[in-house]
Amino acid sequence: MLFSSIIFLWIFLPTVFLIYRLLHDRFRNLFLLIASVVFYAWGEPKMVNVMLFSIVFNYLAGLGIEKAAPRWKKLLLILCVGVDLGTLGIFKYLTPSLLTLSRWFEWDFVVMNVSLPIGISFYTFQAISYVVDVYRGTIKAQKNPIDMGLYISFFPQLIAGPIIKYHDVEQQLEHRTTTWNDTAYGIRRFVYGLAKKVLIANQLGAIADDIFAIPGQALDSSAAWIGVLAFNLQVYFDFSGYSDMAIGLGRMFGFRFMENFNYPYLACSVREFWQRWNISVFTWFREYLYFPLGGSRKGELRTCLNILLVFVATGIWHGAALSFVAWGAAWGVVLILERVLLKKFLDDPRLRIPSRLYFLLVVALISVIFCTPDLAAAGRYVKTMFVWTDNPALRLSDVITGWGWLLTGTAVLLCGPLQQLVPPLRRALFDEEHIRFAEIPVLLALLAASILLLAGNAYNPFIYFRF
Amino acid sequence: MRGKVKAIIAKLKDPAFWLVLLFFAALIGPSVVWDETDAKFRAKKLLWENRATREKPLFQIRRFQRYPKEFGEYYNDAFPFREYLVWASRKITGPLNNFYSARVIIGKDGFLFTVDPVSMRHDEPGDYTGKTLWNDHLESAIVRRLEHARQELAKMNIQFCVVIAPNKMAVYDDKLPEKRRFRKAAINRAESLVARAAKIAPELKIVYPAEVFRETRGKIPYPLFLREDSHWNALGAYMATREVVKAIPGGVELPPLESAQIEPAGKVRGGDLRVMLGGGTPEETQLYDVKVPGMKTVPVAERTDYHRRETVNPDAPDKRRVWVYRDSFAAAMEPYFGMLFKEVVFYWNVQPRRVHFVKDPPDIVVLEIVERGLAGLEDFDFESSRKARLEFFR
C-alpha cells in the first residue's frame, strides 16, 4: 500500500487514526503493530513472513547478545548481523547477481526469480542498528516483543525510511503523548509531502521518462539537459516528499522522527550534499560502517579508502546492478577529491557561487548513471550533454510543454532557493508550534489537488482490441 | 460547566483543531456522502474504458493472499466519485505531460491517428515526414541481416517474406486535420527499406502495400482501416494477405478486393485510439469480411498464451505449412491465411531465429511488422539463440 493512493487516504489512514485515538494507551502499540503488519501484508502478502522473521529473530538476538557472556557477545553479533545481511542478500541481490553472471559467462540455466520484499533494505538496517547498539551497550535490549515489532515495522517509515535508530525512539515507544498541535503538525507535513510527490515529482517524472525514452541517435543536447534537470528534481521531490509524509504520519501518532532532507541542492560541495540528502541513511553508514572501519583516525590514505568503501556500500544498498556500484563509487571518488584537492576552495566563502555550480554539475553527471540502463548508455548520454548535438527533427515543444516549463521552474524554486531567499517561509513550513488559520485552506487545496491527480491514475482502459 | 464551555471555545479558536477536523472530514466525507445506488451520483458516462468494472471480492481465508490485489483493483473501479474525479484529473494533466490523449490526432470524419513525437517508437507523423528514416549504414545492416535469414531459410527449403503493414496515415493522410497537415516526405522509412533491399538483396521479398491500399481506396466504398483504432480492418488485412501470397512463388492468388465478395460482419465500439483519447461511450463501427468462392474460413485455435495461434484447413488450396511471426496487425490476416494454406501457425511478438527451425520446420515463413514499429528490425538477428530459446519454447 502506498501513502499516495486513494485506498490509503480514504480507508486505511482515517480508520487507523480514529481507532488509535479511541484506544487506551496500553493497547496503542499493539494496535499500531497490527495495523503496520496489515499495511505491509496488503502490498506484500507473501513476503510479510520475511519481515515477521526479522522482527522475531532480532528481538531474540537482542536479548541473547545482552545476556551473553562477554567472550560470546561479538560472535553472536557477527552471527546476527550475518543473518540479517544474508536475508537481505538473498532477496535483493541473488537473482540480479546470477543473471549478471550468466550474461557475462553465457551460462545457460534458468535463474529462479526471487521477489524483492518492499522495504527490506530499510527494516534490515534498522534491525542491524538495534543489535549493534545492544552489543555496544548504548541501549538495553527491548523485552517487550510488541514494542520491538513496532520499532521494525511501524508503517510510516517501513517502506522508504527514514531509517530510525532504536535509541532515537526507545523512549517514545514506551511514553509518548499526542496533542492537537502534534496531529496538526503531522497533517501539515503529510500534506506537503503528498503534494511534493503527486503534484510535482510524478509530473516531472513523466517529462524525464519521455526524454529518456528518446533513442540515442535522436537525442539532442538541450533535451538531454532538460532530462537530467527533470530527473534530479523528480528524485528530490519524490524522496523528500515521502520522508515528509513519513515524518508527518509519525507525528500524528506521537512519534518524532529525524529530518531526512535539508534542501540538499543548496549545498556547495558533495560533502555538504551528503549531510543534507537522505540523512538517515548517510548517518547510518557513518555510524555503523565508517566509524568501525576507523573513520578518519587512521591516516589520510585509510580515510580515503574508508570513504570509498562506504560509498560503494551505499551504492550497493540502493540497488543490485553494477550501475549502482558505479554510482556509489563515483560519489566516493568525488568526496576523496574534495578532501584531498578542493577543500581550500570549497571552504572559501568568497567562492560560494562557483562552488555551487561545481556541485550542481557533479550531481547532474553522477545522476546520469542512475537514470540510464547501463554504463555505456550513461557515457553516450553525457557525451550528448557536453558535445553540442542538434536534431532539427526533435522540437523542444515535443519534449516539454509550456506547463512543463512552469512546473519545472516552480520545482527549481521550491527545492531550496525560495526558502533561502525568504527565511520566514522556511520557518513557517517547519514551525512546530503554530498552525495558522491562513494555512488551512492552502493545505486543503493541496490535499484536494493531490487526490484529484491520484484519482486520475485509476483510469485503466483496456487498450488492446486485437493482438 | 463554565470551565467546559471555556475549553470548547478555546478549542474552536485553535487552528490546529480545525485542521485536524477538516483534514479527516476531507478523507472520510466522500465515503459518507457517496451512495452508488442514488441516481444523482451516477454520471452520464464520462469515461469509457472498454472493460467491465470489477466486482467486490469476498474475503476467504484460503485465498487471503490474493485479497489485497483483488480488493485494490475493485476499489480502483469503485471509489466514491471516481468517474468525476478521473475525468477532471485527465483534463488537468493532459497539458502537463504526454498523457494518453496527447498521443492521438483527431482527424476528419472521426479518423484517429497515433502520434509519439518524443520516443518516436509509434509515431505515424514521424514516418510520414521522413523523421524516422534510418541512416545508410543502419538500413543496409538491417537488409543484410534479413537477407542472411532468407538465405539460411532457403537452405532448409523454406521461403521467407517480410510484410510491412502500412500506417493509417500513409493511406488516409487526407483525413488529417488542417492544423496537422504534415509535409509528406519524398520517401519514407518503409519505402527506403524496400528500395535498399531491391538494390543489395534483390531476392529478399519485402512487401509494403501502401500504394495498393491508396489505389484501392478510390475503387471501393468501404474503409480499409478502423476509424478509431490504429489497425487496419479485415479488408485491409485481406489486401495485405493477397500481396504476401503474390510475392511467394507457387501461391494461390486471391481475387482483388474490388471484385471480392464483401459482407458485413458485425459491429465494434471504439478502438485502441478511442480508448486512449478517453471520453464517453463511442459510436459503433461497422466491420466487414471477405468471402472467396471455393475457399472456406476455418476457426483459429488459440494456445494457452498469445504466443501461438493456429489454423488447420485440410481443404485449403495450398498444402504448404506457414509460420507467421507477427505483431497485432496480422491478427486480422488469420482467417485469410487459414483459408489459403493447409496449416498456419501465428507467433506473436517474437522474431524468427535459427533455433526455431531445428525440428519440423514449415515451408514458408512470413515476418509481419507494422510500419511505425519498424525500429523493431534494428535488433533482428536470425542467429541469436539463447533468448530465442527462452521466448519461443515458453
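See the values below:
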quantity	calculated
Percent carbon-and-sulfur accessible area, chain B, ignoring ligands, DNA and RNA, probe 1.4 Å	54
Qualifying lysines (Cα of each under 19 Å from Cα of B:K155; at least 8 residues distant if same chain)	B:K205, B:K359
Sorted largest first, extent of region A:182-330 alpha carbons per principal axis (Å)	53, 47, 29
Inter-chain Cβ neighbour average for residues B:81-87, partner chain, 10 Å	4
Rounded to the nearest 20 debye, dipole of region A:141-281 from Cβ charges on Lys, Arg, Asp, Glu	340
Residue-normalised accessible area of region A:1-155, expressed per residue, 1.4 Å probe, Å²	48
Within chain B, helix-based [θ] at 222 nm, where runs of 4 or more DSSP H residues each add -39,500 (n - 2.57), nearest 500	-10500 deg cm²/dmol
Range of Cα positions in region A:329-456 per principal axis (Å), largest first	51, 46, 25
Choice from B:F113, B:F59, B:F329 with maximal GNM fluctuation in chain B (Cα, 10 Å cutoff)	B:F59
Cα gyration tensor shape for region B:150-295, rounded if a/c is under 1.5, else prolate or oblate	oblate
Aspartates and glutamates with Cα under 19 Å of B:K296, excluding same-chain neighbours fewer than 8 positions away	B:E253, B:E263, B:E310, B:D315, B:D318, B:E334, B:E343
Charge tally in the Cβ shell below 14 Å around A:V325, where Lys, Arg are +1 and Asp, Glu are -1, A:V325 excluded	0
Proximal aspartates and glutamates to A:K196, defined as alpha-carbon separation beneath 13 angstrom and excluding residues fewer than eight positions away on the same chain	A:D238, A:D244
Average Cα contact separation per residue, region A:232-362, under 8 Å, 6 or more apart, as relative contact order %	22
Dipole moment magnitude, nearest 20 debye, chain A about Cα centre, only Lys, Arg, Asp, Glu C-beta charged	980
Alpha-carbon centroids, region B:208-227 and region A:33-63: separation in whole Å	62
Shape category assigned to region A:261-301 from the gyration tensor of Cα positions, a/c cut at 1.5	oblate
Gain on full stretching of the segment that runs from A:L293 to A:A428 - 0.36 nm per residue minus C-alpha separation	44.5 nm
Given charges at beta-carbon only (K, R positive; D, E negative), |dipole| of region B:169-308 in Debye	420
Convex hull per residue volume in Å³, alpha carbons only, for the protein assembly as shown	215
Per residue solvent-accessible surface (Å²) - region B:25-91, probe of 1.4 Å	65
Apportionment of accessible area to carbon and sulfur, chain A, percent (1.4 Å)	68
Whether chain A is rounded, prolate or oblate, judged on the alpha carbon gyration tensor where a/c under 1.5 counts as rounded	rounded
Heavy-atom surface of region A:352-424, accessible at 1.4 Å and reported per residue (Å²)	56
Residue mean of other protein chain beta carbons inside 10 Å, A:41-48	3
Label point distance in nm, A:A313-B:E70, each placed 7 Å from Cα along Cα→Cβ	4.5
Computed FRET value (nearest 0.05) for A:V38 with A:S115, which takes r as the C-beta separation and R₀ as 25 Å	0.80
Accessible area buried at the B-A interface, both sides summed, 1.4 Å probe (Å², nearest 100)	5900
Among A:V310, A:G295, A:F285 the positive-end extreme of the charge dipole of region A:253-329 (Cβ point charges)	A:G295
Cα centroid separation - region B:252-293 against region A:361-419, whole Å	44
Under the Debye formula (equal points on every Cα, no solvent term), log10 I(q)/I(0) of chain B at q = 0.07, 0.11, 0.14 Å⁻¹	-0.44, -0.92, -1.30
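The values are calculated or read from the model by the stated rules, or taken from the named source; none is laboratory data. Here the structure is a predicted model, which means the values were calculated and not measured. Note: ideal-geometry Cβ built from the backbone for every residue, glycine included; neighbour counts use all protein chains shown. Accessible surface is based on the protein model in full, side chains and every heavy atom, while ligands, DNA and RNA are left aside. Shrake-Rupley method; radii C 1.70, N 1.55, O 1.52, S 1.80 Å.
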